[in-house]
Amino acid sequence: MQRYGIEINGGAEYHARLIAEKMSRYFDVEVFTSTARDYITWKHHYPEKYELVNNIPVHRFPVQKPRAPKTFGQIQNLIFEEEHTLDNELQWMEEQGPYFPGLLETLEKRKDEFDYYFFFSYRYYHSYHGVRRFKDKAVLVPTAEHDPVVYLRLFKDFFNMPGAIIYNSHEEKEMIHKVSGNEKVLGDIVGIGSEIPDRFNHQSFRDKYNIREKYFIYIGRLDENKGVPELLRFYFRLLSEEAIDLTLVLMGNSVIDIPEHPKIKFLGFLLDEDKFDALTGAEFLVIPSQFESLSMVTLEAWAVGKPVVANGRTEVLQGQCRRSNAGLWYTNYDEFKKIILLLNENRELKEIMGRNGKNFFHNHYSWPVIENKYLKIIEQMDTRK
């Protein structure tokens, strides 16, 4: 994994930690990762080369070359906009980071100690070279999004190499099949579970953050790729056109400026307890993200019986909404406006969608379901030895 730690509580890194911890009930598990915490610079953060994280042994390796934004921008422009070579793409991967060859060197030295290697996130150095090295013993969890990276020539044969692939969604599986023709590779659509508290207290959340009005909520990193600027533009336009009694609550670390407005509550990063209390008090969750392989917070909203409003230009989100009957999606402002007004006024519809979401989560994303799928993949790989 490119990053790993308790402080990293979202995305593929959180996904990887939950799987490591769950699978440690059945197997001896060790984690190999970098010393970085920041996913943009990859600068050194964790001082320990070895530590236990929730009783999982974690080995950390220093990033030898933190990202140089100018160099990375130049090579990225080249591979996405101009004629280029395979060597250019390999250079892009190294410049993207994290570049920490010590991890693979250690795995090579200890290769006889492990039955299987699980590589998370296909687009990084450790996965690309690790899968190519260990092949039949490699299980890839690609967490692939529908962006230009997946179409690089680097990955055309790559997805045919692992012993198995664990996909996050139907859309991700279909996209990778289309890119690489890897239908014969063992695989399943699994995704990820979530730790859902036994009890919720939305009134405690309201009191703590002085929120008295009805609200809908966004939870996650606040940046351009997550679609937050567009969400704000759409919401401000809606407020200018309609007298709507609905506040937008924003939770998460932000790398963009959040405008001050009486209908905007920006709370920053909050712990899981606050997150679930906030979700249960919300009218619905909004997911404006432009790139997703699987949205964990969407699944968490459904787990607590809340509808979801998603960016329909993201195929994974639209597909999840269709299959669950627990979400609506928009592709432009007019659709966004109609959906927000509809859910703000129709309580019966929200309750029906909330029940659908709970059932969908229980049937497909509860931890017993997820764990059994992982165990089945490993059992199938065992029979091939």
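The values are calculated or read from the model by the stated rules, or taken from the named source; none is laboratory data. The structure displayed is predicted, hence computed values, not measured ones. For neighbour counting, all protein chains shown are included, and Cβ atoms are generated from backbone atoms with ideal geometry for every residue, glycine included. Ligands, DNA and RNA are stripped out before the accessible areas are found, and what is left, the full protein with its side chains, is counted by its heavy atoms. Shrake-Rupley method; radii C 1.70, N 1.55, O 1.52, S 1.80 Å.
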Q. Would it be correct to say that Phe276 is modelled with pLDDT of 95 or more, surrounded by 23 or more Cβ atoms within 10 Å (Cβ to Cβ) and over 23 Å from Ser121 (Cα atoms)?
A. no
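If I go through region 43-68 residue by residue, how many of them are assigned to a strand (DSSP E or B) and surrounded by 12 or more Cβ atoms within 10 Å (Cβ to Cβ)?
Total satisfying the criteria: 9.
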Restricting region 240-255 to residues that are outside any helix (DSSP H, G or I) and of a type in the set (Gly, Ala, Ser), the one farthest from Ala278 (Cα to Cα) turns out to be Ala243
Scanning region 154-174 residue by residue, those closer than 11 Å to Ala144 by Cβ and in contact (Cβ under 8 Å) with a residue 40 or more places away in the chain turn out to be Asn168, Ser169, Glu171, Glu172
Margin query: Just to be sure before I move on: is Tyr365 modelled with pLDDT under 95 and either aliphatic (A, V, I, L, M) or within 24 Å of the chain's Cα centre (by Cα) (or both) in the structure I sent?
Written below: yes
Flagged in region 240-254 as surrounded by 13 or more Cβ atoms within 10 Å (Cβ to Cβ), at pLDDT below 95 and under 22 Å from the mean Cα position of the chain (by Cα), in numbering order, are Met251, Gly252, Ser254
Of the candidates Thr71, Thr106, the one satisfying the condition of being in contact (Cβ under 8 Å) with a residue 40 or more places away in the chain, exposed (fewer than 15 other Cβ atoms within 10 Å of the Cβ), among the hydroxyl-bearing types (Ser, Thr, Tyr) and assigned to a helix (DSSP H, G or I) is Thr106
Per the filter on region 17-44, residues closer than 16 Å to Asn55 by Cβ and among the aliphatic types (A, V, I, L, M) are Leu18, Ile19, Ala20, Met23, Val29, Val31
Over region 1-27, the set of residues open to solvent by less than 10 Å² (accessible area, probe 1.4 Å), assigned to a loop (DSSP other than H, G, I, E, B) and within 16 Å of Ser293 (Cβ to Cβ) is Gln2
Given the condition surrounded by fewer than 16 Cβ atoms within 10 Å (Cβ to Cβ), modelled with pLDDT of 95 or more and farther than 22 Å from Gly11 by Cβ, answer yes or no: does some residue in region 28-42 qualify? yes
Of the residues in region 1-55, those that are aliphatic (A, V, I, L, M) and under 17 Å from the mean Cα position of the chain (by Cα) come to Met1, Ile6, Ile8, Ala12, Ala16, Leu18, Ile19, Ala20, Ile40
Of (1) of a type outside the set (D, E, K, R); (2) open to solvent by less than 10 Å² (accessible area, probe 1.4 Å); (3) over 25 Å from Tyr14 (Cα atoms), Ile264 fails just (2)
Exercise. What do you reckon, is Asp115 in a loop (DSSP other than H, G, I, E, B), touching a helix residue (DSSP H, G or I) at 6+ places or on another chain (Cβ under 8 Å) and open to solvent by 70 Å² or more (accessible area, probe 1.4 Å)?
Worked result: yes
